[in-house]
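Below: the structure, in structure tokens.
The values are calculated or read from the model by the stated rules, or taken from the named source; none is laboratory data. Computed from a predicted model, the values in this text were never measured in an experiment. For neighbour counting, all protein chains shown are included, and Cβ atoms are generated from backbone atoms with ideal geometry for every residue, glycine included. SASA here: full protein model, heavy atoms, side chains in, ligands and nucleic acids out. Shrake-Rupley method; radii C 1.70, N 1.55, O 1.52, S 1.80 Å.
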Amino acid sequence: MKPTLKSVNPATSPSPVNYGARMGARLDELKQEGRYRVFTELDRPAGEFPRVRWHSDSGNRQVVVWCSNDYLGMGHHPSVRRAMRSAIDEGATGAGGTRNIAGTNSRHVELESLLADLHDKPAALTFSSGYAANLACLSVLGSVLPNTVILSDGDNHNSMIEGIRRSGAERRVFKHNDARDLEAHLKAIPTDQPKLIAFESVYSMSGNISPIADFIELAKRYNAFTYIDEVHAVGMYGAKGGGVCQELGLDQHIDVIQGTLGKAYGMQGGYVAGSVEAVDCIRSFGNAFIFSTSLAPVLAAGAIASVSQLMHSQIERLAQRDRVARVKRLLKQAGVPVMPSMSHIVPVLVGDAVKAKRLSDHLLSRHGIYLQPINYPTVPMGTERLRITPGPLHTDAMIDDLVSAMVASFQTLDLPLHVQEREAVAA
């Protein structure tokens, strides 16, 4: 039986609020600023990556994607696809619950053991996403020890910032990648007060790499706990793909390493690796872990295959580095304003949200090249950019097409090229 609602007297009711109009006004502001996000519908046919199928208003069209976080193309790797098909045949689709209630599968246990081995840590724990991993881990680590002060890099990801906020711990933000500023903050904190330094290895929108050795030295000097986000580095760096810390031989000096399965490993999910005590605290107190449905076992199966492949193969990493070097060199020679980057990420500065969107649209519609514009709040206003992530499957011909399309689009849209660099190359 349907419930009957009481009638409301318009004369005595408060003035109505037009919620839709207010929401629409905020969206209009976003559109006027050029920051309104439009999703580009892309299908990824098996074996064709980085070619994808774009569902445009005028019909389906094949384009080349240059901004995927599937950095090494592992989402299409034959061993990954075989592992996932086999898992489905065995019944491993959805998890069926949280890890505590009917949602722990043998593949979760196997994957966590593999991830601990990847980072040479005693324990690891998986999450439904990298965002959830940072949220749960930092909220727990900041609260499990009374009076903890968390020192956070000024460019840390939103998931880290939210995790720190939820911890309730005192937060001090130090200047991006600035060891001197970090030390100044550390000096101001009593020696016996718990301290946690939270930072990333590779910063995804700039390509910057943090001074990890300097931060570790300060942590040891001031008795601080270290937490590093390696989501844009795992699979990409190190003898086994353990990240920048592993590449530098510093991984054993970091207390907790957080990573993702959704980028270089081509899957979905996040994880954390560290001491038995730290991981068990996160498992036991992390609400974002406790109350979330666990990672789908079919995804865990794919992740096991992907992590295993990149633990024992350098082919994908070496090929990707070759592609990155070629893209950087040719874009700079063509006068395209490539921002300084120490990593595999190649940012191209535009400096205006509207112009960045216009450039992205022009590359896609005219040249079949997909590059998503990156705007505030992801990056500071005035530094809007396109972010290029070359992979091992991008051919020389694709790179040449990218460079020529970029130059032509800059010229068509009257965006500045570095003329002096171009003249020097021509000479």
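Restricted to strands (runs of 3 or more DSSP E) entirely inside the range 50-131, those with at least 1 residues that are open to solvent by less than 40 Å² (accessible area, probe 1.4 Å) and at pLDDT below 95 are 51-56, 59-65.
Take R44 and decide whether it is over 24 Å from the mean Cα position of the chain (by Cα) and either over 30 Å from S206 (Cβ atoms) or open to solvent by 30 Å² or more (accessible area, probe 1.4 Å) (or both). So R44 fails the test.
Residue count for the range 153-190 satisfying the condition of being touching a Phe, Trp or Tyr at 6+ places or on another chain (Cβ under 9 Å), among the aliphatic types (A, V, I, L, M) and either modelled with pLDDT under 95 or outside any helix (DSSP H, G or I) (or both): 1.
Residues in the range 135-145 that are surrounded by 20 or more Cβ atoms within 10 Å (Cβ to Cβ) and under 17 Å from K195 (Cα atoms): C137, L138, S139, V140, L141, G142. Look at G168 and say whether it is in contact with a Leu (Cβ under 9 Å, 6 or more places away or on another chain) and either buried (at least 21 other Cβ atoms within 10 Å of the Cβ) or not hydroxyl-bearing (S, T, Y) (or both). Spelling it out, it is not the case that G168 is in contact with a Leu (Cβ under 9 Å, 6 or more places away or on another chain) and either buried (at least 21 other Cβ atoms within 10 Å of the Cβ) or not hydroxyl-bearing (S, T, Y) (or both). Screening E316 with (1) within 26 Å of R166 (Cα to Cα); (2) outside any loop (DSSP other than H, G, I, E, B) gives one miss only, at (1).
Yes or no, residue by residue, for (1) more than 30 Å from G168 (Cα to Cα); (2) touching a Lys or Arg at 6+ places or on another chain (Cβ under 8 Å); (3) modelled with pLDDT under 95:
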{"position": "C281", "(1), (2), (3)": "no, no, no"}
{"position": "S294", "(1), (2), (3)": "no, yes, no"}
{"position": "P297", "(1), (2), (3)": "yes, yes, no"}
{"position": "A300", "(1), (2), (3)": "yes, yes, no"}
{"position": "M311", "(1), (2), (3)": "yes, yes, no"}
{"position": "E316", "(1), (2), (3)": "yes, no, no"}
{"position": "R321", "(1), (2), (3)": "yes, no, no"}
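Take the conditions of a type in the set (A, V, I, L, M), open to solvent by 30 Å² or more (accessible area, probe 1.4 Å) and closer than 17 Å to G243 by Cβ and apply them to I161. Does it pass?
Details: of a type in the set (A, V, I, L, M): yes; open to solvent by 30 Å² or more (accessible area, probe 1.4 Å): yes; closer than 17 Å to G243 by Cβ: no.
Criteria not met by I161.
Within this structure, S15 passes the test of being surrounded by fewer than 10 Cβ atoms within 10 Å (Cβ to Cβ) and more than 25 Å from T378 (Cβ to Cβ).
Residue count for the range 28-41 under the criterion of being open to solvent by 50 Å² or more (accessible area, probe 1.4 Å) and under 17 Å from L359 (Cα atoms): the result is 7. When the range 146-158 is limited to residues that are within 19 Å of the chain's Cα centre (by Cα) and either small (G, A, S) or more than 19 Å from F199 (Cβ to Cβ) (or both), the one that is least open to solvent (accessible area, probe 1.4 Å) turns out to be S152. Out of V173, V231, V202, one residue alone is in contact (Cβ under 8 Å) with a residue 40 or more places away in the chain and within 22 Å of G142 (Cα to Cα). It is V231. Taking the condition of being under 15 Å from T383 (Cα atoms) and either in a helix (DSSP H, G or I) or open to solvent by 60 Å² or more (accessible area, probe 1.4 Å) (or both), how many residues in the range 340-357 meet it? Total satisfying the criteria: 7. Here is the figure for the range 364-423: residues that are part of a helix (DSSP H, G or I), open to solvent by 70 Å² or more (accessible area, probe 1.4 Å) and among the hydroxyl-bearing types (S, T, Y) total 1.
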